[in-house]
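A.B. asks: Handing you this structure, nothing more for now.
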Amino acid sequence: MRTLPILFLVLTATAASAQTRSPYLEDLTWPELRDAIAAGATTAVIASGGIEQNGPHMAFIKHNLIARHVSGEVAKRLNGIAYPVIPFSMAGDPIEKTNHSRWPGTISISSEVFVGLVRQVAVAARAAGFKTIVLLGDHGGGTGGGQGELAMVAQGLDADWRGGGVRVVYASNAGSGAAATAYLKERNIAAGGHAGMAETAQIIALDEKKTLIRQDKYPVMAAGPDTATGAAPVNLAPATADMGRAFLDMKVTDTVAQVRKALAAK
């Protein structure tokens, strides 16, 4: 009869370990990762971000900071592991100086390089033993900014690997983006565009050291024009940490729902 108490202690210890373990791959050792996968953490979350100009009021880290947070929270809800954020995206031609590459500091890579990076990280996740690989991106919208490439990679790898028991799922950011727009519209708050209300609020929520937002530049953002600031004119004064947390939760919740729906559909 002593077997039951011992089994209970083992299960309790396993559950406690899952709750205290960091969801981020870079925080773990390889034996910890191996044991986590063996204990059921078989979902890898791979997010892409980007380093691009965000107007005069916001630091370059925006997409990468949001992507890391969202991927970690998604990993927690799916009992998975968040891989390091793919930090670069397609953001214009640095030679021809198009799109965000018109401003200094933006790091833009080609679609081919981006696809190759995503594929190689996914291959590494499969080799590590993960059975579900989730691809998501904070940069872009619709099929732009890397979203189309993420969807393409997921579709191709899923077709190649699902026969061997590995699923690859792409989670779009379109639904959470629409939800954020609706949230602001209901409150009669102007959304702005790139580096506008939603993204500013999210960075305020994540900016623990209060070093990433320049509130003294809000009047510059409000005055515009976007050719001078790099972002559409908008009054950012209403942006708050609570608002940002709401938008972040929309992203996490919608991503988890998409993954579960895709896996349930087989």
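A.B. asks: Without any contact (Cβ under 8 Å) to a residue 12 or more places away in the chain and under 30 Å from LYS266 (Cα atoms) - does that describe any residue in region 169-186?
C.D. replies: Scanning region 169-186 turns up at least one residue that is without any contact (Cβ under 8 Å) to a residue 12 or more places away in the chain and under 30 Å from LYS266 (Cα atoms).
A.B. asks: Among (1) without any contact (Cβ under 8 Å) to a residue 12 or more places away in the chain; (2) crowded, with 17+ Cβ neighbours inside 10 Å, which single condition is ALA125 missing?
C.D. replies: Evaluating ALA125 over (1) without any contact (Cβ under 8 Å) to a residue 12 or more places away in the chain; (2) crowded, with 17+ Cβ neighbours inside 10 Å leaves (1) as the failure.
A.B. asks: Does region 215-266 hold any residues that are farther than 21 Å from GLY49 by Cα and aromatic (Phe, Trp, Tyr), and which are they?
C.D. replies: The answer is TYR218, and nothing else.
A.B. asks: Right, next: Taking region 59-102, which residues are under 20 Å from MET221 (Cβ atoms), in contact with a helix residue (DSSP H, G or I) (Cβ under 6 Å, 6 or more places away or on another chain) and surrounded by fewer than 24 Cβ atoms within 10 Å (Cβ to Cβ)?
C.D. replies: Correct list: LEU65 only.
A.B. asks: Could you tell me how many of the residues in region 93-138 are part of a loop (DSSP other than H, G, I, E, B) and charged (D, E, K, R)?
C.D. replies: Count: 5.
A.B. asks: Let me spell it out: the conditions are (1) among the small types (Gly, Ala, Ser); (2) surrounded by 16 or more Cβ atoms within 10 Å (Cβ to Cβ); (3) within 23 Å of ARG260 (Cβ to Cβ), and GLY156 meets all of them except one. Which number is the exception?
C.D. replies: (2)
A.B. asks: Another one. Scan region 213-266 residue by residue and report those that are more than 14 Å from GLY192 (Cα to Cα), part of a loop (DSSP other than H, G, I, E, B) and at pLDDT below 95.
C.D. replies: Passing the criteria: ALA265, LYS266.
A.B. asks: Looking only at region 165-186, which residues are closer than 25 Å to ALA128 by Cα, of a type in the set (A, V, I, L, M) and either assigned to a helix (DSSP H, G or I) or under 13 Å from the mean Cα position of the chain (by Cα) (or both)?
C.D. replies: The one that is closer than 25 Å to ALA128 by Cα, of a type in the set (A, V, I, L, M) and either assigned to a helix (DSSP H, G or I) or under 13 Å from the mean Cα position of the chain (by Cα) (or both): ALA171.
A.B. asks: Can VAL74 be described as under 25 Å from ALA36 (Cα atoms), of a type outside the set (Lys, Arg) and more than 18 Å from the chain's Cα centre (by Cα)?
C.D. replies: When the stated conditions are applied, VAL74 does not pass them.
A.B. asks: Suppose we filter region 162-182 for residues that are surrounded by 13 or more Cβ atoms within 10 Å (Cβ to Cβ) and farther than 20 Å from VAL74 by Cβ; how many remain?
C.D. replies: Number satisfying all stated conditions: 1.
A.B. asks: Out of curiosity, is GLY142 surrounded by fewer than 19 Cβ atoms within 10 Å (Cβ to Cβ), modelled with pLDDT of 95 or more, at positive phi and not polar (S, T, N, Q)?
C.D. replies: So GLY142 fails the test.
A.B. asks: Under 8 Å by Cβ, and 6 or more places apart or on different chains, what pairs join a residue from region 192-209 that is among the charged types (D, E, K, R) with one that is in a loop (DSSP other than H, G, I, E, B) and modelled with pLDDT of 95 or more?
C.D. replies: Taking only residues 6 or more apart or on different chains, the pairs are GLU199/ASN54.
The values are calculated or read from the model by the stated rules, or taken from the named source; none is laboratory data. What you see is a predicted model; the values in this text were computed from it and never measured. A quick note on method: Cβ atoms are made from the backbone with ideal geometry, for glycine too, and the neighbour counts reach across all protein chains shown.
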